[in-house]
1. Suppose we keep only residues that are among the hydrophobic types (A, V, I, L, M, F, W, C) and assigned to a loop (DSSP other than H, G, I, E, B) within region B:100-144. Which one would you say is modelled with the highest pLDDT?
2. When region A:267-319 is examined, which residues are found to be charged (D, E, K, R), in a loop (DSSP other than H, G, I, E, B) and in contact (Cβ under 8 Å) with a residue 40 or more places away in the chain?
3. With respect to A:Asp129, determine if the residue is within 14 Å of chain B (Cβ to nearest Cβ), in contact with a helix residue (DSSP H, G or I) (Cβ under 8 Å, 6 or more places away or on another chain) and either closer than 21 Å to A:His205 by Cβ or of a type in the set (D, E, K, R) (or both).
4. Regarding B:Lys87, is this residue assigned to a strand (DSSP E or B), away from chain A (no Cβ under 14 Å) and without any contact (Cβ under 8 Å) to a residue 60 or more places away in the chain?
5. For residues in region B:45-71 being free of Cβ contacts under 8 Å to residues at least 40 places away in the same chain and touching a helix residue (DSSP H, G or I) at 6+ places or on another chain (Cβ under 8 Å), which is farthest from B:Arg5 (Cα to Cα)?
6. Where in region A:359-427 are there helices (runs of 4 or more DSSP H), lying wholly inside it, with at least 2 residues that are in contact with a Gly (Cβ under 8 Å, 6 or more places away or on another chain)?
7. A:Cys371 passes all but one of (1) surrounded by fewer than 17 Cβ atoms within 10 Å (Cβ to Cβ); (2) within 27 Å of the chain's Cα centre (by Cα); which number fails?
8. When you go through (1) in contact with a Leu (Cβ under 9 Å, 6 or more places away or on another chain); (2) crowded, with 18+ Cβ neighbours inside 10 Å; (3) of a type in the set (Gly, Ala, Ser) one by one for B:Gly106, which number turns out not to apply?
Amino acid sequence: MILEALEREGVEIIFGYPGGANLPIYQRLPAHPKLKHVLVRHEQGAAHMADGYARATGRPGVAMATSGPGALNMVTGLATAFMDSVPMIAITGQVASRTVGTDAFQESDVIGCTQSVTKHNYLVTKADDIPRIMAEAFHIATTGRPGPVLIDVCKDAQQAEGEWEYTSCSALPGYRPAFEPDAESAKKAIELLAQAKRPVILAGHGVILSHAEEELLEVAERSGTPVGTTLLGVGAFPTRHPLALHMTGFMGTGWNIKAVQNADVLMMVGMRVDDRVTAKLSEWAPKAEHFIHVDIDASEMGKNVRPHLEVVGDAKRSLTAMLPHVQPPPADRGNWLNQIDLWREEHPLKYSKSNGHLQPQDVLIDMYRRCRDEAIVVADVGQNQIWAALWWNYTKPGLFINSGGSGTMGFALPAAIGAKMGRPDKDVWCVAGEGGFVMTAQELSVAVEHQVGVKIVLLNNFSLGMVRQFQDDFYGGVRSQVDLTQMPDFLKLAEAYGLPARRVHRVEEIGPAFDEAQKAPGPFLIDFRIDPEANVYPIVPLGKGLNDFWELPNGA
Amino acid sequence: MVHDRLRVLAVTVENHPGVMSRVSGLIRRRGFNIQTITVGPSTVEGRSRMTLTVDAGYAEVDQVAKQLDRLIEVISVEDITEGPTVKRELVIVRLETVPPVVEQFGARKVGDRIVELTADTEVIEDFIEFLKPYGIQELARTGPVAMRRSA
């Protein structure tokens, strides 16, 4: 019945791992040839693949695992999806209902363990409940603010035979996502924006999730309002647009930070306003007289920043409701935009080019030249993630995938595999540091087995670069436990897994390596030996306000 | 709007196993200052009514209410602090000796050396103070339940 329900919900791929407590499901799997099952090599990989699949396709990803350790191995992946509002269905086996609570073999309290990292979870003890719960789970995971839903199914419930009716779910008494915004609030938001001298819009993941990028562009262009994005919002607004402020926050661009810190009206759309956006909260946007917060989740209103105006609704519908009221910008808007242009010139993105080492930015710039706006970039966590966010010109939404909220190292490779399986028509690039890469490197087997053409760009600096930078910059230069000199030879590792690979030391080797990677039909790994001292700039020192942002030191 | 005092939330939830755990888990991980939670069945089959008293300012209570409302099994959350409410709590106390005048509090004897009182939390506190000299051997309180005085 579980598999039938998945088929009914249009699922194509399951990323999973069998075990004692989900054997009945796997026994029936061959009878469902429409469901492609991808055998992962670790359950965390299943969760990240389902996550990457969901982010790349907009359809819910499905991950499956057995009880106890199998389910617990997925917890990090669930937390990653939960923090970034990714629609996902996780199905875990549980021991037989009569033995639940007896510390049976491979029993864990999966409901308890995953309560805080799922949008909702269910324990199924009776087969009769399966159709209703499966339908509810899909409804909850994919509507409103999306998120992962876990279904923990007791083994005896999986085994029951019988006929079931499956009806998809469209309403639940305790679940009423706020799609439609209050029209008055939407109108008021535009009025506040129109009256502003120095307005700024910040766009988050919500804009991408609700496909509101066109409405955002129209509001911005017609009202003459500059737009920045969060890390997860990268791509929601074209990076090279004259009104673009690029990425905001504590590793955001200098001109974005300047604009936010000087804005008198700030409209946040589809974002949580978290600490990586604000840095020191009391010093964030000090000149803002009005905060307008647009989000589908009412609990985000006032969680971190208390808005003067709340627009609770889906980003697309909220921006659509604003559009009829948009006025052309006032005559003096040019002053504000000119000021931002000045800041853009004064604080450009810079990187060190003179020390003879291969710079990660050289790699990313070359990559972008080849792929333009079509490829999907899946970044891991750390310096590689910020470089990939800043040094690639995203002009469309959904082409940059990363673990923004949770910051899960090891995310990129399995998520890229999931993304490529969901979007075989797209080039998918996995950008990772060597630290995160080895955390889930076993999934290379999956890429090889299914010939998933993921191209792995390993930015290898033989250290935990971001932590090393924090230690250098903010912890008295004490380098503690960040050295990763002892790592496998990645060419041999690739060979062992059965995929081609190449190593790059110098700038002139970048092009030929990419040529080879792009020609390879299946997965390909490039081990880029980058400058071990390369840092991320701008950066705001931990605990400081945005105004204190550091840039690349002169002469570096 | 009153900003800093005890606020009362009336919460309707689905009567499923584990709902209390979801509510209390949420309160713990978000670090909310909840003073009391009571729960009992409602008149609707499969639904329970909870009363929460929250010791915090309006902004935090607003977050408590919104975060609770995100839970799928929470049907409704209402802040009933504003306006007149009826708030009652029950206490039962086993005493060494029963004082002769418990009736002046509206309390009554319900067994051998056991008295009970249903009243406002403040009156309950006064009553317990009054009883202390008589030797409290055991005491059980329900925590308050509440509703609006007019519908």
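The values are calculated or read from the model by the stated rules, or taken from the named source; none is laboratory data. Since this is a predicted model, take the numbers as computed values, not measurements. Every residue, glycine among them, receives a Cβ derived from its backbone with ideal geometry; neighbour counts consider all protein chains shown.
1. Keep residues of region B:100-144 that are among the hydrophobic types (A, V, I, L, M, F, W, C), which gives B:101-102, B:105, B:107, B:110, B:114-115, B:117, B:119, B:123-124, B:127-128, B:130-131, B:136, B:139-140.
Going one step further and asking which of them are assigned to a loop (DSSP other than H, G, I, E, B), we end up with B:101, B:107.
Values: B:Val101: 83, B:Ala107: 94.
Restricting to residues being among the hydrophobic types (A, V, I, L, M, F, W, C) and assigned to a loop (DSSP other than H, G, I, E, B), the top hit is B:Ala107.
2. Filtering region A:267-319 down to residues charged (D, E, K, R) leaves A:272, A:274-276, A:280, A:283, A:287, A:289, A:295, A:297, A:300, A:303, A:306, A:310, A:314, A:316-317.
From what's left, in a loop (DSSP other than H, G, I, E, B): A:272, A:274, A:280, A:287, A:289, A:297, A:303, A:306, A:314.
Within region A:267-319, A:Arg272, A:Asp274, A:Lys280, A:Lys287, A:Asp297, A:Asp314 qualify.
3. Working: within 14 Å of chain B (Cβ to nearest Cβ): yes; in contact with a helix residue (DSSP H, G or I) (Cβ under 8 Å, 6 or more places away or on another chain): yes; either closer than 21 Å to A:His205 by Cβ or of a type in the set (D, E, K, R) (or both): yes.
Against the criterion (within 14 Å of chain B (Cβ to nearest Cβ), in contact with a helix residue (DSSP H, G or I) (Cβ under 8 Å, 6 or more places away or on another chain) and either closer than 21 Å to A:His205 by Cβ or of a type in the set (D, E, K, R) (or both)), A:Asp129 qualifies.
4. Details: assigned to a strand (DSSP E or B): yes; away from chain A (no Cβ under 14 Å): yes; without any contact (Cβ under 8 Å) to a residue 60 or more places away in the chain: no.
No: the conditions fail for B:Lys87.
5. That would be B:Ser48.
6. On the way: elements: A:360-371, A:383-390, A:412-422.
So the answer is A:383-390, A:412-422.
7. (1)
8. With respect to (1) in contact with a Leu (Cβ under 9 Å, 6 or more places away or on another chain); (2) crowded, with 18+ Cβ neighbours inside 10 Å; (3) of a type in the set (Gly, Ala, Ser), B:Gly106 is out only on (2).
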